[in-house]
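First the structure, in the form of structure tokens, and then the observations on it.
The values are calculated or read from the model by the stated rules, or taken from the named source; none is laboratory data. Quick caveat: nothing in here was measured; it's all calculated off a predicted structure. Backbone-built Cβ (ideal geometry, glycine too); neighbour counts: all protein chains shown. These area figures cover heavy atoms from the full protein model, side chains too; ligands, DNA and RNA do not enter into them. Shrake-Rupley method; radii C 1.70, N 1.55, O 1.52, S 1.80 Å.
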Amino acid sequence: MNGVAELQTVLVNRMVELATGPELGAMDLLFDEFRAAHVPVEEMAPHYIPEAARQIGAAWDSDRIGFAQVTIAISRLQELLHALQTRVTADSVGCANGATVLVVVPPGEQHTLGALIVAMELRRRGVSVRMLFAPGLSDLSRLMATTRFDAALITVGSMDRVEICAKLVKTLSSLTKGRMRVAIGGAIVSQRAEALARTGADLVTNDLSLVISEFSLV
């Protein structure tokens, strides 16, 4: 293992330790620790927070931590993300380029961390973002009537939600007369071909750079 990889592992482990530990407010320590390690804090959102969340999930699957501890840990990662977004936005010198994206968490989805990370990364790259959590048809109809979006991104945790996702894709297509392009991300990408066929989405991927490129968002 090279030095850089080892340093990253130390930071991920530290993030997991603070997220699952008993001390309140300890997550703020990470900002100084990332700077001391010469790792930009902007790297937290796309790399470190998702990896920490995966490790916490794995610890729960192997019964090393309980559900309550997982819930608290993920909540702390979300709080860290919000704090990071405030800092990155304050330091940003860029501005939105006109592209506007709708990020949707479908009804029944329990996890929002991934969608929040995607939204933050899009904003950091100059894309305006509107988030919707468990929207109904009336919510989408009102929004589409007042706002023009260049694309929609839907997060789906498993194939159990594929039919709900398919209905969302169909509704968005109908409301925009087929104009809106839709990408699907989340754990469902492990069955990409089936997800693509059953939902009618334009793209199934967790690669945000690919979405941006394919949909010409920046």
* Among all residue pairs at least 6 apart or on different chains, which show Cβ distances below 7 Å where the first residue, located in the stretch 13-36, is on the phi < 0 side of the Ramachandran plot and the second is open to solvent by less than 80 Å² (accessible area, probe 1.4 Å) and in a loop (DSSP other than H, G, I, E, B)? -> 20/65
* To do: Starting from the stretch 106-132, keep only residues that are within 16 Å of residue 150 (Cα to Cα), then list their pairs with residues that are in a loop (DSSP other than H, G, I, E, B) and aliphatic (A, V, I, L, M) whose Cβ atoms are within a distance under 6 Å, requiring at least 6 positions of separation or different chains.
  => 125/218; 126/96; 126/218; 127/99; 127/217; 128/96
* What is the number of the single condition among (1) open to solvent by less than 80 Å² (accessible area, probe 1.4 Å); (2) closer than 18 Å to residue 123 by Cβ; (3) of a type outside the set (Asp, Glu) that residue 218 does not meet? -> (1)
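Out of curiosity, is residue 160 farther than 19 Å from residue 99 by Cα, of a type outside the set (Ser, Thr, Tyr), open to solvent by 50 Å² or more (accessible area, probe 1.4 Å) and over 15 Å from the mean Cα position of the chain (by Cα)?
On the way: farther than 19 Å from residue 99 by Cα: yes; of a type outside the set (Ser, Thr, Tyr): yes; open to solvent by 50 Å² or more (accessible area, probe 1.4 Å): yes; over 15 Å from the mean Cα position of the chain (by Cα): yes.
Yes.
Check 79, 42, 51 and return the single one that is among the acidic types (Asp, Glu), at pLDDT 90 or above and closer than 21 Å to residue 206 by Cβ.
Working: 79 fails: closer than 21 Å to residue 206 by Cβ; 42 fails: at pLDDT 90 or above.
The match here is 51.
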* Structure fact -> Selection from the stretch 169-207 of residues open to solvent by 60 Å² or more (accessible area, probe 1.4 Å), more than 26 Å from residue 54 (Cα to Cα) and not in a helix (DSSP H, G or I) yields 177, 179, 181, 202
